[in-house]
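Engineer: My questions all concern the structure below.
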Amino acid sequence: MELEMHVMRLSYIFILPLIFTSMNLSAEEMIIGEESYGDYQIIFEAAPKDQVYSHPSVENLKESETDIHIEALITWSNKINIEGQLPGSHIPYLDVTAHIINLRTKKKNIISLLPHINLTDGFHYARNIRLPGLNNDKYSVKFLIKPDEKLLTYHFDWKQKYGVPMLDEVSYMYSNLDFLKMSEKLRR
């Protein structure tokens with residue numbers, strides 16, 4: 001009995017910090033929207049600005065020039081039954097754009113979200129962005145998703161069983177978004 005109590009105390013010592021750490025990580029991102037589309041699960045987020053490293057030919061805003069980091073986590077549904085695809089895994093080779101519109105001034109930025117990887121979300125599409133206006137303005141964001149036909153090619157078996165393209169272009173619109181708190185947060 002005494003040994004069991006000791007093991008339970010040790011469990012609390014090691015497990016509770018992990019729970020609070022993971023709660024803190026998820027609290028650092030603002031969920032813009034969650035969607036299901038066929039066999040796909042999509043989460044759109046605004047996250048604190050970050051330093052992003054990439055190939056020299058890809059331009060990413062420096063952390064100091066960024067208002068927020070905008071993200072799209074696009075994965076296979078946990079209920080999929082598609083051969084060779086793991087439920088919950090990242091879907092590559094998509095063309096994802098975000099149209100960010102300032103509701104006060106009507107100024108607009110169109111941003112291509114690029115493949116990213118980090119320790120919190122794993123593979124996802126994202127970009128450091130400067131908002132088209134003040135951080136305390138309200139915004140709408142329209143996300144467009146379609147296969148990247150320059151990069152994605154299909155084998156005969158996929159075309160025969162699931163068709164081409166693998167998904168039709170889809171868009172999702174969110175309005176009256178307030179990014180002020182997110183723009184003030186720092187990751188480090």
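The values are calculated or read from the model by the stated rules, or taken from the named source; none is laboratory data. Just so you know, these numbers come straight off a predicted model, no measurement behind them. With ideal geometry, Cβ positions are generated from the backbone for all residues, glycine too; neighbour counts draw on all protein chains shown. These area figures cover heavy atoms from the full protein model, side chains too; ligands, DNA and RNA do not enter into them. Shrake-Rupley method; radii C 1.70, N 1.55, O 1.52, S 1.80 Å.
Engineer: I need the calculated FRET efficiency for the pair Leu151 and Leu86, taking r as the beta carbon distance and R₀ as 25 Å, to the nearest 0.05.
Structural biologist: Values: r = 20 Å, r/R0 = 0.81.
Result of the calculation: an efficiency of 0.80.
Engineer: May I have the count of lysine pairs in segment 92-188 with C-alpha atoms under 13 Å apart, counting pairs 8 or more residues apart or located on different chains?
Structural biologist: The number of close lysine pairs in segment 92-188 is 5.
Engineer: Provide the gained length on full extension for the span Leu119 to Lys185, in nm with one decimal, where the gain is 0.36 nm per separating residue minus the Cα-Cα distance.
Structural biologist: 21.9 nm
Engineer: Okay, moving on. Longest span of the chain, sites excluded, free of chymotrypsin sites (Phe, Trp or Tyr not before Pro) in DSSP loop with at most 16 other C-beta atoms within 10 Å?
Structural biologist: Working: sites that count: Tyr53, Tyr93, Tyr154.
Between the exposed loop sites, the longest stretch runs 94-153.
Engineer: Averaged per residue, what accessible surface does the chain expose to a 1.4 Å probe, in Å²?
Structural biologist: Per-residue value: 64 Å².
Engineer: With charges set only on the Cβ (+1 for Lys and Arg, -1 for Asp and Glu), what does the dipole of segment 63-176 come to about its Cα centre, in debye to the nearest 20?
Structural biologist: 480 debye
Engineer: Test of understanding: what is the full-extension gain from Val58 to Lys159, defined as 0.36 nm times their sequence separation minus their Cα-Cα distance? Write out the running numbers ahead of the final one.
Structural biologist: Working: separation 101, 0.36 × 101 = 36.36 nm, distance 3.17 nm.
Separation in residues times 0.36 nm, less the Cα-Cα distance, equals 33.2 nm.
Engineer: Carbon and sulfur atoms: what percent of the 1.4 Å accessible area of the chain do they account for?
Structural biologist: Numbers: 6900 of 12020 Å².
Its accessible area is 57 percent carbon and sulfur atoms.
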